Structures are given as structure tokens and as C-alpha cells.
Amino acid sequence: MIYSMTGFGRGESESDNAKIIVEIKTVNHRFLDSNFKLPNFCYSLEERMQKMLKDRISRGKVDVNLTVKTIRKSQKTYAYDPEAASYYVNAKDEALKSFDIKDDFGVYELLRMPGVIVEDTDIMDPEELWVYVKAAFNEALDRLVLSRANEGERLKADLSDKTDRINELSNLLEERAPAIIEEYRNRLRQKVSEFVDETKIDENRLCEEVIIYSDKICIDEEIVRLKSHVSEIRETLEATEPIGRKMDFISQELNRESNTILSKSSDVYTADIGIELKTLIEKIREQVQNIE
């Protein structure tokens, strides 16, 4: 199954006195790049959440937001954090030593500093909350993976259509190739006959010129490789493991063949096909950037 790197998932759970909400958003990225936004007292849970994330996702830029809310019916309670207060007092003392400034930092100012007075949820035991955080995180991951899978199916369908069209264009180029050589032979004969009597045309020399021209515009190898890449894409789209990097490589190879075909185009018909090929391949290259 193909997974897009774009998705969103949300999960919730409740303990006796708290509601846990986890939201995960992902976008495309070359590697797995995760960013966790957690309450201060939950920092110790990040490593476990990282492991759970890596077990489910292999690529993408991931933003995880964990929110813990109290659900008590009674009025919220608050607590004094002596460690935070000590930090600010020590910082004040250091500043007074370094600068000639007035000391007007009192108890009122101290209690207003961030983290000195905290809501009771901010001093909850993260180990007690872990079972609820884990449940919410698992639910968010499930929904995220489902959204990525749904978007992946849409990408797969579109890539399949574009791949089929590339194969059709390859067949048209293959059918057209012999006619190009014959048309060149006739044009060359007509030009030569304007200056030389028809009966005096050197057929061997004419054949040599046609062969030289054929070598210059020959795209047989490019067509073979295009069809080979088409087969590889079809096979890759059915793979069970992540395919983003492989698809990116194949699309680059397709682009190389289309550039060569365009450079060798000798008539409007093949040039038009080459342009359509390149347009399709550019769209494929854009889309595979979002595949895990």
C-alpha cells in the first residue's frame, strides 16, 4: 500500500482528573523529522513517544502536540514551584553583580515569573499519566496512518494513469520511428534530384547519408528504457514497503529519457510527444515527493 507523507490524526483519553489530547500533523520530507510539543512535566515521555512514532512512520516532517487539561468540577488549584523561584532569584543576583542597577525585584515580581506558580496539572506525575497519553497517542497514530493511506491510494491511482499514458506515448514513438527514416530518404532523394539527374544518383551514398541520419535521431534505446521504467513503476506501486525514494529515482530516470527524446526529435509529431512525455514526468516527479 502507498502512503502519502501528508496527514493528520487526533486522539483523546481521560484519567480521573485530566483530559489528554494528542494531535499529529505530517508533511513531506526526505527523512523522518519529528518535533514534539509537550507540557514541561511530560518531557520524560518524549522518548517513548518517539519510538512509537518510528514504528509506524518512516518518512515525513512530523509535528506532535500533547495537551493535558484538568477536568475537575471544583475550582482549579495551583502550586508553588521552589526550583523555578530559586532559578529566578539566582539569575537576579547574578545580574546585580554584573550591572549597576537598582534591585526592585520583590516577592510580587517573583510570583509573576513563568513557572513559579503553576496549575496542578503542571505537577502531575507523568508516569501515572503515561497509560492515558499512550492510548491517545495510539489513537492519533491510527487516524494519521489511515489519512495517509487514503491520500496514498489517490496518488497511486493518478500515478497509474500517468504511467499508462507514458506507455501509450512510447508505443506511438515506436510506431513513428520507421516512417521518419523513410520520409528523410524521400526528402533527400528529392533534393539531390533537383541538382543531379535521377539516373545518376549514387544509391550507396544516399544509403550512407540515411544511415548517418538514422543514428542521430534513433531513440530505440530510449523507448526500451521508458517501457522498462513503466514496468518498474507498476511493480513498485504494488509493493508493501515504503516506495518514495525508489519512485523518486525512477522518475529521475524517466526525465533523463524524455530529455534525450526531445533533443533527438526531428519532426513536429515526435517533438509534441516528447513535450507531453516531459510534462507527464514532471507531474510524476512532483507527486512522488509526497510518497513515504
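Each value in this text was obtained by applying a stated rule to the coordinates, not by laboratory testing. Bear in mind that the values here come from a model prediction, so they are computed numbers and not experimental data. When we count neighbours, we look across all protein chains shown, and the Cβ atoms used for this are built from the backbone with ideal geometry, even at glycine.
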Using only Cα atoms, locate the centre of segment 245-292 and the centre of segment 40-62, then give the distance between them in Å, rounded to an integer. 38
Kindly rank 257-267, 31-41 from highest to lowest mean number of other beta carbons found within 10 Å of each residue. 257-267, 31-41
Taking a label point 7 Å from the Cα of E83 along Cα-to-Cβ, the residues of segment 99-116 whose backbone nitrogen sits under 14 Å from it are 115-116
I need the trypsin sites (Lys or Arg not before Pro) found in segment 39-108, filtered to DSSP loop residues with at most 10 other beta carbons within 10 Å of theirs. K73, K76, K102
